[in-house]
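The structure appears below as structure tokens.
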Amino acid sequence: MKDISYRVALGGIVSALCLVTMFLAGVIPALYIVLPMIAGFLMMIISIEVNTAWAFLTYISVSLLSLFVTFDKEAALIFIMFFGHYPILRFYISKIKFKPLKAVIKSAVFNVCILAYVYVTVYIMGLQQLLEELDGFGKYGAVIMLVIVNLIFLLYDYNLEICHIYYRARIMPKFRRKK
């Protein structure tokens, strides 16, 4: 178990980096989905280095601060609704040995979070243009978009796994060296 000063310092650094990435989502609007993904990867680092409970505390602090500090509330919302907590939840989901069940749980978590995100974006934040864009695909526009987004989720999950392996194999040993 790491001492408290290490956990607080690492949590503060990761929180600051997450907030910078979330702030950049308002500056570079084309990256409003990619930057919350990067912030989510930083949450995964807290899970690896400290523990998942501390990562959830960091996630909560970044989520609240991103609502107040960042310009792009839609990027903050997608971070809060999915990209912030999913990399932490993956540690619990990865403990399931039965692979089909693991895939179903991952997909269920993703779909619930994305549908909640769309609901909040459209009905609470009042961004009706999202529904108007889906009408361009016809009456099956929402289903087509959900299938595409699920395929992108599979790539995201795979990339998280690769980043996790790379972090443990290459980056973590460099920080663990004794001088």
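Remarks
- Sum of -39500 (n - 2.57) over DSSP H runs of 4+, divided by residues of the chain (222 nm, nearest 500): -24000 deg cm²/dmol
- Rounded to the nearest whole Hz, the Karplus-based 3J(HN,Hα) values (6.51 cos²θ - 1.76 cosθ + 1.60, θ = phi - 60°) of region 143-149 follow the sequence 5, 4, 5, 5, 5, 4, 5, with x at glycine and proline.
- Over every Cα atom in the chain, the radius of gyration and the widest Cα-Cα span, Dmax, amount to 17.3, 63 Å.
- In region 9-65, the inverse of the mean reciprocal separation of distinct Cα atoms equals 11.2 Å; this is its Kirkwood hydrodynamic radius.
- Whole-Hz Karplus values for region 11-28 come out as x, x, 5, 5, 4, 5, 5, 5, 5, 5, 5, 5, 5, 5, 4, x, 7, 10 Hz, taken residue by residue from phi with 6.51 cos²θ - 1.76 cosθ + 1.60 and θ = phi - 60°; glycine and proline positions read x.
- For region 37-128, a Kirkwood hydrodynamic radius built from all Cα pairs, placed in the Stokes-Einstein relation at 37 °C and 0.692 mPa s, yields a translational diffusion coefficient of 236 µm²/s.
- Charges were assigned to the Cβ only: +1 to each Lys and Arg, -1 to each Asp and Glu. The resulting dipole of region 1-148 about its Cα centre is roughly 740 debye.
- Portion, in percent, of the accessible area of the chain that falls on carbon or sulfur, probe 1.4 Å: 73
- Sequence-distant residues sharing a close amide H with PHE71 (under 5 Å, placed H): GLY26
- Accessible area (Å², per residue) of the chain, counting only protein heavy atoms and a probe of 1.4 Å: 59
- Separation between Cα centres of region 6-42 and region 104-175, rounded to whole Å: 17
- Lysine pairs in the chain whose alpha-carbon atoms fall under 29 angstrom of each other, counting only those eight or more residues apart or on distinct chains, come to 11.
- Max mean-square fluctuation residue, GNM over the chain, Cα-Cα springs under 10 Å, options CYS113, CYS163, CYS18: CYS163
- From phi via Karplus (6.51, -1.76, 1.60), per-residue ³J(HN,Hα) for region 102-117 in Hz, x at Gly/Pro: 4, 5, 5, 5, 4, 5, 5, 4, 4, 5, 5, 5, 5, 5, 5, 4
- Relative contact order for region 1-120, counting Cα pairs under 8 Å that sit 6 or more residues apart, in percent: 26
- Residue among ALA169, ALA25, ALA75 with the largest mean-square fluctuation in a Gaussian network model of the chain, springs linking Cα atoms under 10 Å: ALA169
- Max mean-square fluctuation residue, GNM over the chain, Cα-Cα springs under 10 Å, options ILE60, ILE28, ILE38: ILE28
The values are calculated or read from the model by the stated rules, or taken from the named source; none is laboratory data. For clarity, every value in this text was computed on a predicted model and none was experimentally measured. Please note: Cβ atoms are built from the backbone with ideal geometry, for glycine as well, and neighbour counts cover all protein chains shown. Keep in mind that these areas ignore ligands, DNA and RNA; they rest on the heavy atoms of the full protein, side chains included. Shrake-Rupley method; radii C 1.70, N 1.55, O 1.52, S 1.80 Å.
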